[in-house]
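Each remark here refers to the structure printed beneath this line.
The values are calculated or read from the model by the stated rules, or taken from the named source; none is laboratory data. Quick caveat: nothing in here was measured; it's all calculated off a predicted structure. In this analysis, Cβ positions are derived from the backbone assuming ideal geometry, glycine residues included, and neighbour counts consider all displayed protein chains.
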Amino acid sequence: MSDSLVIIPTYNEKENIEKMIDTVFHLSYPFHLLIVDDGSPDGTANIVRELQQKYPDQLHLLERSGKLGLGTAYLDGFRWGLKRPENYEYFFEMDADFSHTPADLIRLREACHTGGGDVAVGSRYTRGGRVENWPWDRIALSYGASLYVRAVTWMPVKDPTAGFMCYTRRVLEAIDFSSIQFIGYAFQIEMKYTARQLGFRIVEVPITFTDRVLGASKMQGAIIKEAVLGVLALRFRSKK
Ligand SMILES: Nc1nc2c(ncn2[C@@H]2O[C@H](COP(=O)(O)OP(=O)(O)OP(=O)(O)O)[C@@H](O)[C@H]2O)c(=O)[nH]1
Ligand SMILES: [Mg+2]
């Protein structure tokens, strides 16, 4: 049994997925894993299915028919996890590409379990946080985005686009998933913003974020556009 479910959305992550799964299951805390795969043409789901023989009770796979986006992958994962008999208390978001260090899951969990957080953010831009191996223009875009979000929403979170997260059950149960509209970076902002509006406490845990080494990025212009316009929409919505 475990009280913690780590959700990893995947799209063409065959170079990373096996090592990621093995790494998570060798951590000193017994996390469970749910991979949400969107019919990856490279066969990522087949690798997961084989590993389920090795980790039958801990490793789960949710398969969707096509590339439906990161936001709905997480929402489907949360819905799946909330109904499980394990009665998970902590739900984590993490990328498959090792940009997030799996051992930091333990620190995120602690920030909620003993640190008083309802939500914990693995933060690049809080004191002690870092970004490694990113070209300067990518850092500028990401850091600029965080300043923009804070200016528009006044949300006191230094890394509002972060995708390395721990949500407690009470937060996910309070959020109306059908009201969540965005799919990319804007999804990450919208979830934090919604949690905050519901009065939950968000704590930041400094992390070192590393650029992916293997596999291809799925970042697209449309995701950036959604975030720029979506943040304004969030603010406007909250004033109504
Ligand atoms: N299920 C699912 N997973 C996705 C989708 N898009 C991206 N992912 C996964 O989401 C995680 C983050 O995607 P990345 O491509 O690393 O995006 P990113 O971190 O914004 O971009 P990079 O920094 O360039 O890696 C990875 O585990 C991807 O495989 C999607 O549409 N569906
Ligand atoms: Mg990545």
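For segment 113-129, filtering for residues that are in contact with a Ser or Thr (Cβ under 7 Å, 6 or more places away or on another chain) and either more than 28 Å from N16 (Cα to Cα) or modelled with pLDDT under 95 (or both) leaves 1. Of the residues in segment 117-130, at least one is of a type outside the set (S, T, N, Q), outside any loop (DSSP other than H, G, I, E, B), at negative phi and surrounded by fewer than 22 Cβ atoms within 10 Å (Cβ to Cβ). Scanning segment 177-188 for residues that are among the hydrophobic types (A, V, I, L, M, F, W, C), at pLDDT below 95 and part of a helix (DSSP H, G or I) yields a single hit, A186.
When segment 192-229 is filtered for residues that are outside any loop (DSSP other than H, G, I, E, B), away from ligand 1 (no atom under 12 Å from the Cβ) and touching an Asp or Glu at 6+ places or on another chain (Cβ under 9 Å), the ones remaining, listed by number, are T194, A195, I202, V203, E204, V205, T208. Restricting attention to segment 1-54, the residues that are within 12 Å of ligand 1 (Cβ to nearest atom), out of contact with any helix residue (DSSP H, G or I) (no Cβ under 7 Å at 6 or more places or on another chain) and acidic (D, E) add up to 2. Among the residues making up segment 17-31, a single one is within 10 Å of Q58 (Cα to Cα) and in contact (Cβ under 8 Å) with a residue 60 or more places away in the chain: F31. Filtering segment 143-163 to residues that are within 18 Å of G71 (Cβ to Cβ) and not in a loop (DSSP other than H, G, I, E, B) leaves A145, V149, T153. So which of I224, I183, I189 is more than 16 Å from ligand 2 (Cβ to nearest atom), aliphatic (A, V, I, L, M) and either farther than 26 Å from R107 by Cβ or touching a Gly at 6+ places or on another chain (Cβ under 8 Å) (or both)? From the options I224, I183, I189, the qualifying one is I189.
In segment 194-210, is there at least one residue being surrounded by fewer than 19 Cβ atoms within 10 Å (Cβ to Cβ) and in contact with a Cys (Cβ under 9 Å, 6 or more places away or on another chain)? Yes: segment 194-210 contains one or more residues that are surrounded by fewer than 19 Cβ atoms within 10 Å (Cβ to Cβ) and in contact with a Cys (Cβ under 9 Å, 6 or more places away or on another chain). If you go through segment 98-117 and keep only what is within 16 Å of ligand 2 (Cβ to nearest atom) and over 20 Å from H60 (Cβ atoms), you end up with F98, S99, T101, D104. Please identify the pairs in which a residue from segment 32-56 that is over 21 Å from Y88 (Cα atoms) and among the β-branched types (V, I, T) has its Cβ atom under 8 Å from the Cβ atom of a residue that is in a loop (DSSP other than H, G, I, E, B) and modelled with pLDDT of 95 or more, counting only partners at least 6 apart or on another chain. Going by the 8 Å Cβ cut-off, the qualifying pairs are T44/Y11; T44/N12; T44/E13; T44/K14; I47/K14.
In segment 1-39, of all residues being of a type in the set (S, T, Y) and surrounded by fewer than 20 Cβ atoms within 10 Å (Cβ to Cβ), the one that is nearest to F98 (Cα to Cα) corresponds to T23.
Checking the structure you have, find out if any residue of segment 77-89 is under 19 Å from the mean Cα position of the chain (by Cα) and within 16 Å of ligand 2 (Cβ to nearest atom). Looking through segment 77-89, none of the residues is under 19 Å from the mean Cα position of the chain (by Cα) and within 16 Å of ligand 2 (Cβ to nearest atom).
Here is a yes/no grid of residues against (1) of a type outside the set (D, E); (2) at pLDDT below 95; (3) within 13 Å of ligand 1 (Cβ to nearest atom):
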site	(1), (2), (3)
A73	yes, no, yes
F78	yes, no, no
P85	yes, no, no
E89	no, no, no
D104	no, no, no
